[in-house]
Amino acid sequence: MSFDAAAYEAFYRRSIDDPHTFWAEQAQRIEWHQPFKQTLDYSKPPFTKWFVGGETNLCHNAVDRHLATRAGQPALIAISTETDTETVYTFAQLHAEVNRCAAMMQALGVKQGDRVLIYMPMIAEATFAMLACARIGAVHSVVFGGFAANSLATRIDDAAPVLIISADAGSRAGRVMPYKVLLDEAIELAQHKPSRVLLVDRGLAPMSKVAGRDIDYATLRQTCLDAVVPVVWLESNAPSYILYTSGTTGKPKGVLRDVGGYAVALATSMDLIFCGKAGETFFCTSDIGWVVGHSYIVYGPLLAGMATVMYEGLPIRPDAAIWWQIVEKYKVTRMSSAPTAIRVLKKQPLELLKKHDLSSLKALYLAGEPLDQTTSDWISGELGVPVIDNYWQTETGWPIMSIAKGVGDKPTRPGSPGMPIYGYKVKIIDETTGEECGANEKGVVVIEGPLPPGCLQTLHGDDARFVGTYWRNFKRELYSTFDWGIRDADGYYFILGRTDDVINVAGHRLGTREIEESISSHCNVSEVAVVGVEDPLKGQAAVAFVILKNAAPAATPAGAQALEAEIMKVVDHYLGPVGRPSRVHFVASLPKTRSGKLVRRAIQSICEGRDPGDLAVIEDPAALQQIRAALAVLPVS
Ligand code: ATP
Ligand code: MG
């Protein structure tokens with residue numbers, strides 16, 4: 001295979017050796033109202049300021065800027081298979097809606113720097129609201145619609161919004177999910193009370209309104225139809241939004257991002273990583289409640305002048321061809337999703353995919369969780385396009401590792417999210433000594449400051465927690481990703497799980513992910529979660545929960561015992577007896593967030609008989625019941 005490895009190497013090196021020149025060049029991808037005076041201010045590490053003194057605006061660059069050349073082209077394609085609606089907004093129409101929404105916010109007293117909390121389903125108004133905030137310099141905080149009242153209340157208190165924008169309800173698999181009821185409950189629970197609540201009435205659920213506080217979106221919009229709200233030019237380091245991390249491993253952290261750095265980072269990534277071109281269509285299947293949705297449903301594609309698809313619905317409703325129907329209809333060229341969604345599709349009949357003309361599609365990008373080779377090979381084979389793994393976090397806002405095909409066409413390597421992306425000085429270091437690991441030596445994935453543009457500036461309202469959490473884990477000041485990784489001899493990285501997921505069995509430190517991987521290689525294992533459980537003898541013991549492809553062999557106690565022994569043998573083979581789980585339980589589902597991340601801490605607390613705490617992140621609480629039930633079954637001896 002021929003590829004230009006040297007091209008990427010040189011490009012990467014320049015971004016690290018001379019970040020000032022490198023990023024000053026990339027910054028030309030966006031429009032500046034005032035040019036910046038200093039590319040980077042790193043005088044107070046680890047705090048990073050990019051493009052100091054420059055004035056710009058995310059909404060201007062995502063919307064207004066394109067009016068001259070593509071006003072009539074699609075910008076936002078809002079599709080809901082839940083309500084059977086499909087609306088295409090051109091850049092001109094999007095511009096008008098965003099102006100209206102901005103005027104509505106101003107009418108409700110929102111000013112520059114104020115926080116606006118957005119708790120909405122995947123409807124066009126959510127995008128209008130985000131862009132309207134960006135337009136007037138208000139700081140949005142989108143809270144994932146799947147969160148229940150308690151989690152929402154915590155986030156209301158942390159963000160202290162002057163306005164909350166919400167809707168009567170969302171819908172999932174045809175079931176109405178009440179938002180307004182939950183929101184009222186959350187406001188009741190919260191210490192901070194927003195003065196206004198703006199509500200989109202989709203006609204899905206009845207809404208009771210609080211007089212003087214609750215306002216109807218459509219009614220207020222009528223008074224703002226011709227609104228023209230000038231863009232507020234913001235210093236590059238002004239805040240653009242707060243977004244809470246998934247909370248998979250603990251208390252969610254309110255990631256705060258800037259304006260200019262984020263715009264530049266996204267514009268650059270759209271070209272060099274996602275290879276999207278203006279006029280094409282981008283389809284990211286995530287949710288606006290997650291960072292992937294912020295960066296690659298709303299801001300990234302629009303900054304690039306692409307149309308973006310916003311999809312409300314499941315990947316398998318009305319049938320498993322729905323995504324491919326969208327790809328065909330809107331000639332999607334680049335698609336971004338998560339491994340977990342692809343695994344869901346893999347269980348569906350194949351013919352459905354074949355029904356559609358997917359010739360527009362050039363690549364599929366997957367992020368959020370480790371991508372196993374089976375899933376990657378399957379979908380790549382079916383679609384006939386490359387699958388590109390990309391590794392990043394809410395904190396970074398855009399990929400830390402991937403294969404930047406727009407720079408040099410390096411081949412991907414199975415199981416690896418690729419190499420550090422330009423701008424990220426990634427290292428793998430020994431957790432205790434802080435020394436850099438050699439090839440194929442496992443360590444913590446860290447990033448040496450300054451972090452490139454687009455990454456978090458701090459945690460909202462808590463600089464000390466930002467520094468303490470991320471930068472004070474080693475002898476040297478380094479940003480910790482809290483993920484384990486290794487780099488092979490050719491420079492490809494592999495993510496081996498989270499540092500929180502490490503267990504200590506009789507003095508041996510083991511990553512639960514490694515144990516999970518070895519268990520996955522058993523032919524009847526569909527999914528697996530391994531947690532460390534307190535053990536009087538060994539300190540901790542690994543306990544595995546397995547979903548089988550074919551559950552029949554484990555239906556009888558003797559069958560389950562035989563299978564458990566087989567699985568233990570597989571682990572012995574790969575990791576040796578130290579990695580062998582003390583028990584293997586068979587379950588039908590595992591507790592996950594809606595974005596498909598396993599919530600191991602919940603399983604662990606149940607195993608240890610502790611209160612699992614805030615479980616709002618878990619999509620299917622019945623999965624926890626399964627864990628309890630599995631633990632109640634005594635081993636056959
Ligand atoms: P919290 O930090 O609150 O516990 P979280 O880490 O789940 O939540 P996110 O920022 O949404 O919140 O997830 C980022 C994490 O997801 C990464 O640190 C990594 O563990 C995992 N991840 C993301 N992309 C990949 C990938 N391509 N391969 C492997 N792991 C990935
Ligand atoms: Mg995290």
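Determine which member of the set 551, 541 is hydrophobic (A, V, I, L, M, F, W, C), touching a Lys or Arg at 6+ places or on another chain (Cβ under 9 Å), touching a residue at least 24 places away in the same chain (Cβ under 8 Å) and closer than 17 Å to residue 529 by Cα.
Only one candidate qualifies: 541.
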- Give region 423-439 a look and list any residue that's assigned to a loop (DSSP other than H, G, I, E, B) and in contact (Cβ under 8 Å) with a residue 60 or more places away in the chain, or say none. 423, 431
- Message: Name the single residue that is farthest from ligand 2 (Cβ to nearest atom) among those in region 394-429 being among the polar types (S, T, N, Q) and within 26 Å of residue 21 (Cα to Cα).
- Response: 402
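Given the criterion over 23 Å from residue 507 (Cβ atoms), in a helix (DSSP H, G or I) and of a type in the set (A, V, I, L, M, F, W, C), identify the matching residue among 519, 567, 547.
The unique qualifying residue is 567.
Restricting region 370-393 to residues that are within 15 Å of ligand 2 (Cβ to nearest atom) and buried (at least 21 other Cβ atoms within 10 Å of the Cβ), which is farthest from the chain's Cα centre (by Cα)?
Per the stated criteria, the residue is 391.
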- Message: Can you find, within region 406-422, the residue that is surrounded by the fewest Cβ atoms within 10 Å (Cβ to Cβ) among those that are within 21 Å of residue 267 (Cβ to Cβ) and in contact with a Leu (Cβ under 8 Å, 6 or more places away or on another chain)?
- Response: 406
- Note on the structure: For residue 78, the lone unmet condition from (1) farther than 21 Å from residue 166 by Cβ; (2) crowded, with 17+ Cβ neighbours inside 10 Å is (1)
- Can you list the helices (runs of 4 or more DSSP H) found entirely within region 82-163 that contain at least 3 residues being of a type in the set (D, E, K, R) and within 25 Å of the chain's Cα centre (by Cα)? 149-159
- Which members of region 446-493 meet the condition of being more than 21 Å from residue 292 (Cβ to Cβ), of a type in the set (Phe, Trp, Tyr) and away from ligand 2 (no atom under 16 Å from the Cβ)? 474, 492
- Query: Quick check: anything in region 234-254 surrounded by fewer than 21 Cβ atoms within 10 Å (Cβ to Cβ), away from ligand 1 (no atom under 16 Å from the Cβ) and of a type in the set (Ser, Thr, Tyr)?
  - Reply: no
- Message: Just checking: which of the helices (runs of 4 or more DSSP H) contained wholly in region 1-63 hold 1 or more residues that are under 12 Å from residue 264 (Cβ atoms) and either at pLDDT 95 or above or in contact with a helix residue (DSSP H, G or I) (Cβ under 7 Å, 6 or more places away or on another chain) (or both)?
- Response: 19-26, 58-62
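Just need a number here: residues in region 576-619 that are assigned to a strand (DSSP E or B) and crowded, with 18+ Cβ neighbours inside 10 Å. Outline the logic, then answer.
Let us first name the residues in region 576-619 that are assigned to a strand (DSSP E or B), namely 583-586, 592-593, 598, 618.
Filter again for crowded, with 18+ Cβ neighbours inside 10 Å, leaving 584-586, 592-593, 598, 618.
Qualifying residue count for the region: 7.
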- Note on the structure: Selection from region 490-506 of residues part of a strand (DSSP E or B), more than 9 Å from ligand 1 (Cβ to nearest atom) and either without any contact (Cβ under 8 Å) to a residue 40 or more places away in the chain or charged (D, E, K, R) (or both) yields 502, 503, 504
- How many residues are within 15 Å of ligand 1 (Cβ to nearest atom) and not in a loop (DSSP other than H, G, I, E, B) if we restrict to region 444-467? 7
- Message: All but one of (1) surrounded by fewer than 22 Cβ atoms within 10 Å (Cβ to Cβ); (2) free of Cβ contacts under 8 Å to residues at least 60 places away in the same chain hold for residue 116; state the number of the condition that does not hold.
- Response: (1)
- Query: Considering only region 620-631, how many residues are surrounded by fewer than 17 Cβ atoms within 10 Å (Cβ to Cβ) and at pLDDT 85 or above?
  - Reply: 4
- Filtering region 271-290 down to residues that are polar (S, T, N, Q) and in a loop (DSSP other than H, G, I, E, B), which residue is modelled with the lowest pLDDT? 286
- Message: Checking the structure you have, find out if any residue of region 585-607 is within 27 Å of residue 508 (Cα to Cα) and over 30 Å from the mean Cα position of the chain (by Cα).
- Response: no
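The values are calculated or read from the model by the stated rules, or taken from the named source; none is laboratory data. Keep in mind that this is a model prediction, so the values were computed, not measured. FYI the Cβ positions are ideal-geometry reconstructions off the backbone, even for glycines, and counts take in every protein chain you see.
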